[in-house]
Amino acid sequence: MNDQRFESDYVPVLPLKELVVFPGAVTPLFVVRELSMAALEAALAKDKRVLLACQINPLIDDPGKDDLYTVGTVAEILQVLRAPDGTVKVLVEGAYPARAIEVSMREGYLSAFVVVNHVSDSESKTLKAHMRTTLRLFDAFAELSEKIPPDLFATIKGTSDPLRFLYAVSHYSTLKVEEKQEVLEANNLEEKFHLLNGYLEAENQILELESQIAGKVKDQIGKSQREYYLSEQLKVIERELGLGADEDPDLRELATAIDTCGMSDEAREKAEKELGRLARMAPMSPEAVVTRTYIEWLTEVPWHNVSAEEIDLTTARRILNADHYGLDKIKQRIIEHLAVVKLAGQGKGQILCFVGPPGVGKTSLGRSIAACMGRDFVRISLGGIRDEAEIRGHRRTYVGAMPGKIIQSMKRAGTVNPVFLLDEIDKMSSDFRGDPASALLEVLDPEQNKTFNDHYLEVDYDLSSVMFLTTANTTEGIPHPLLDRMELIRLPGYTEDEKFHIASRHLLPRQRKQHGLKTSQVKLPKTSLMKIITAYTREAGVRELERTLATVCRKVAVEFVEKGTVAAGPIAPERVRELLGPEKYRDNMLERKPEVGTAVGLAWTEAGGELLPVEATLIKGKGALLLTGKLGEVMQESAKTALSYVRSHAGELGIDPDAVSTIDIHIHVPEGAIPKDGPSAGITMATALASALAAVPVRQDIAMTGEVTLRGRVLKIGGLKEKALAAHRRRIRDIIIPKENLDDIEEISVEVRRALRFHPVEWLSEVFALALTTDQGKAKKKPAPPSTKKRGRKAATRNRPSANA
């Protein structure tokens, strides 16, 4: 072999892993390694020529000169594409084979001094014979491998140059890297053909053997399927002839379950039909799995298992009093319900719906009722459910179909008469998939739920023995047909005294246990516990109170772990501030002096009652009314109604009627991020307006609620119980209420009634007499309400100005 020097300069080397590039082949390469990147940049900066050399060991990430084959291919860079992730795609075309004489590291990349690896020719007849042999072998390779497209094979077949033909066949053949490297390194063309033909012959033999094995496997699979089909037919024939063929133990187990579970006749007929279909199916087929699961659901749902309940009202009272403090009227209603169930059975009894703010014990009441009756308790949360199939189940035609939450919970209960709590029933919604509230109509209707039909089971299921309870924060999100099926029991919230007893009896012992503390380590006397209730929580329920007690326990736990001991004695009110930080709430309504343009109202929210201060101020303008505080449409109309009344009675209130047209009035309700609506703030807005226009202060120790009309009549409102509790929590002692709400006072607990003074009013003038003060701080003389006697047209007009006045 005579190497002829081809060039006098160095060529950058691009190491390749498990790839041999032949002259004439156009090949895409992905360049990732820094060594290859540097070589690529050097080649682009020079003459776009690189030496493509294959690595001897492909596992080496940073190859040196001894890790590369000495013979490679000098290639020209045709195209470079740079990806955002830093990798580079390069398209190269092999030019000629070359041998690296000297390889060295230069500027971060390998560089080689190369000479052309010449290939000597042979006699033309011999070459033609080699080419024909190679073409025949490559034709067989293309047919066996199915990887060579017909047009590509035709192109290679039409190549007349022996060397180009050899390189093309070598490039597209699936030979090993070592075999391709030997073909590239050979210096004699006849030797190259000899090597290539030998490797192709061996590769074709392997491919032919693979084809034979694949054919045998296919025949064997076909034979197995045929035998299985015939064996299944034989089983059916033997079963029909009563020859006593052995059955599948799984099928026998399902048949036993169908016989013993006590299902209805309709369900039994359905189950036996599906069991017969299952026996004729292939055990591992997808349809068999679906059918088996369906039969298992039918047999595992309780059909006749009944809890042995024993309702004793004395025991029920004891359990309710032990689990819940206060709530006397709610407990009495539950006792009444249990008495009816004991006498008449569940039958068509009323379904109870506990409505109240978060944290007042609605869910725990359901558990207590189950304990009173000796039944199992199951609960499902309906919050966020918007698919009707969550209630009634999915049809079996869908992949992954399952029964609805009702049937799933019945299976979990294991009995046909559990206490079933549907939690957060007001949080459901509907969309294109259906309305789950409509699906609940059948569940909660005693006339219909004995034939409840789940889409998955496809048979009627009796829910008439189930005692359903529901909970909600408000009734606004419950559709009227669903609401009509339930009896509402409202839980307004707890007083401070009730919170104290709940905390001392239930919350604090539970938090001590959860934090691994003893009673002696966390003692909270009444003064400290009341400070936590009044200064660090403000809610209708007790969840925030429990979280605050958990904070105290954590602080004590840290102190004990770090020091090995805790401060002796009870936690004093002064130390409460050290543990919990500055007070969050201050009840200073009684300390505030009367203010002009500010009145204290009462509002109802899902979290209970709240104080609703209303502010009014005057600005030079043209008599416009500006409303802020994210007020709803009804509340805005109440403000306009109140302004019309005040303007029409300007003389009686000591207001200059002409001055009203030269000023703008701005009414604002604080906490502007919270939406507010409803008519019950009407008298509060009227009081604030009258105070601002007449420059008369309003008492800040009196709260009020009531809707107002243009004639000044105060109308009935809702949520009085929650509003009274809010005033009681904020230390307000006087409340102005509509006279029509007098009967609602009886619903308020005795403790709250004793602490509050209710002022029933019928006319807005009575509200002004109670709330507005003179400059000396005394209440204005109570003006007489407009007379309701029949008068002549002129008298009526004089005493009751028209809406346009």
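The values are calculated or read from the model by the stated rules, or taken from the named source; none is laboratory data. Computed from a predicted structure; not experimentally measured. Here Cβ is always computed from backbone atoms with ideal geometry, including for glycine, and neighbour counts include all displayed protein chains. For the accessible areas, the whole protein counts, side chains as well, though only heavy atoms, and no ligand, DNA or RNA atoms are used. Shrake-Rupley method; radii C 1.70, N 1.55, O 1.52, S 1.80 Å.
Taking other residues whose beta carbon is less than 10 angstrom from the beta carbon of PRO760, and scoring Lys, Arg as +1 and Asp, Glu as -1, yields -2. In whole percent, how big is the carbon plus sulfur part of the accessible area of segment 651-720, probe 1.4 Å, protein atoms only? Carbon and sulfur: 54 percent of the exposed surface of segment 651-720.
Taking 25 Å as the limit for the C-alpha separation, the pairs LYS17/LYS180; LYS676/LYS721; LYS362/LYS721; LYS331/LYS405; LYS331/LYS676 exceed it in the case of LYS331/LYS405; LYS331/LYS676. For PRO675, the shell of other residues with beta-carbons less than 15 Å away shows a net charge of -4, using +1 for Lys and Arg and -1 for Asp and Glu. Between the beta carbons of ILE56 and GLU93, assuming R0 = 25 Å, the FRET efficiency works out to 0.55 to the nearest 0.05. Counting only DSSP H runs of at least 4 residues, each contributing -39500 (n - 2.57), and dividing by the residue count of the chain, the helix-based mean residue ellipticity at 222 nm comes to -13000 deg cm²/dmol.
Note on GLU287/ASP265: beta-carbon distance plugged into 1/(1 + (r/R0)^6) with R0 of 35 Å gives a FRET efficiency of 0.85.
Accessible surface area normalised per residue over segment 6-121 is 48 Å², counting heavy atoms of protein chains with a 1.4 Å rolling probe. With all distinct Cα pairs included, what does the Kirkwood hydrodynamic radius of segment 16-161 come out to in Å, to one decimal, could you say? Computed over Cα pairs of segment 16-161, the Kirkwood hydrodynamic radius comes out at 17.4 Å. Once the chain from GLU272 to ASP328 is taken as fully extended at 0.36 nm per residue, the excess over their C-alpha distance is 14.9 nm. What translational diffusion coefficient, to the nearest whole µm²/s, does segment 351-505 have by Stokes-Einstein, given a Kirkwood radius computed over alpha-carbon pairs, a temperature of 20 °C and 1.002 mPa s viscosity? Estimated diffusion coefficient is 131 µm²/s.
Rounded to the nearest Hz, the phi-derived 3J(HN,Hα) couplings of segment 132-141 under the Karplus curve 6.51 cos²θ - 1.76 cosθ + 1.60 (θ = phi - 60°) are 5, 5, 5, 5, 5, 5, 5, 5, 5, 4, where x marks glycine and proline. Overall shape: oblate for segment 471-617, with the ratio a/c of the largest to smallest alpha carbon gyration tensor axis at 1.5 or above and b/c at least equal to a/b.
Hey, quick one: spin label on ARG757, modelled 7 Å out along Cα-Cβ, who in segment 730-746 has an amide N within reach, i.e. under 19 Å? In segment 730-746, the label zone of ARG757 (backbone N under 19 Å from the point 7 Å along Cα→Cβ) covers 730-739, 742, 745. Where both bridge residues fall in the chain, DSSP classifies roughly 60% of the beta bridges as antiparallel. Across segment 654-661, computed HN-Hα scalar couplings (Karplus, 6.51 cos²θ - 1.76 cosθ + 1.60, θ = phi - 60°) run x, 10, 6, x, 6, 6, 5, 6 Hz from first to last residue, x flagging Gly and Pro. Taking 0.36 nm per residue of separation and subtracting the Cα-Cα distance, full extension of the segment from GLU559 to SER211 would add 117.6 nm.
Relative to the compact-globule estimate of 2.2 N^0.38 Å, the Cα radius of gyration of segment 302-436 comes out at 1.18. Length gained on full extension, ALA308 to LYS46: 84.9 nm, using 0.36 nm per residue less the C-alpha separation.
A probe of 1.4 angstrom, applied to the heavy atoms of all protein chains, finds VAL355 with accessible area near 10 square angstrom. Ligands, DNA and RNA left out, the 1.4 Å accessible surface of segment 92-191 is 49% carbon and sulfur atoms.
ASP250 contributes about 70 Å² of solvent-accessible surface, heavy atoms of the protein only, 1.4 Å probe. Which whole-number percent gives the relative contact order of the chain, counting Cα pairs below 8 Å spaced six or more residues apart? Contact order relative to length: 7 percent. For VAL13, the residues whose amide H sits under 5 Å from its own are LEU51, LEU110, SER111, ALA112, ignoring neighbours fewer than 5 places away on the same chain, with H placed 1.01 Å from N. Within the shell defined by Cβ-Cβ distances under 12 Å, the residues around LYS157 carry a net charge of 0, with Lys and Arg each +1 and Asp and Glu each -1.
Cα gyration tensor of segment 86-149, axes a ≥ b ≥ c as square roots of the eigenvalues: rounded (a/c below 1.5), prolate (a/b > b/c) or oblate? Oblate, since a/c reaches 1.5 and b/c is not below a/b.
Here the Karplus curve 6.51 cos²θ - 1.76 cosθ + 1.60, taken at θ = phi - 60°, turns the phi angles of segment 297-302 into couplings of 4, 4, 8, 8, 5, x Hz, with x standing for Gly and Pro. For segment 430-457, the residues whose backbone nitrogen is under 12 Å from a point 7 Å from the Cα of LYS411, taken along Cα to Cβ, are 456-457. Taken along its principal axes, the alpha carbon cloud of the chain reaches lengths of 137, 88, 74 Å, longest axis first. Counted over all Cα-Cα pairs of segment 322-388, pairs farther apart than 20 Å make up 35 percent.
The residues of segment 518-647 expose on average 53 square angstrom of accessible surface per residue, using a 1.4 Å probe on protein heavy atoms.
The packing ranking, built from the mean of other Cβ atoms within 10 Å per residue, places the peptides 357-365, 526-534, 39-47 in the order 357-365, 526-534, 39-47, highest first. Computed with a 1.4 Å probe on the full set of protein chains, the accessible area for ILE735 sits at about 0 Å². Modelled this way, with points 7 Å down the Cα-to-C-beta line, the labels at ILE619 and ILE101 are 9.4 nm from one another.
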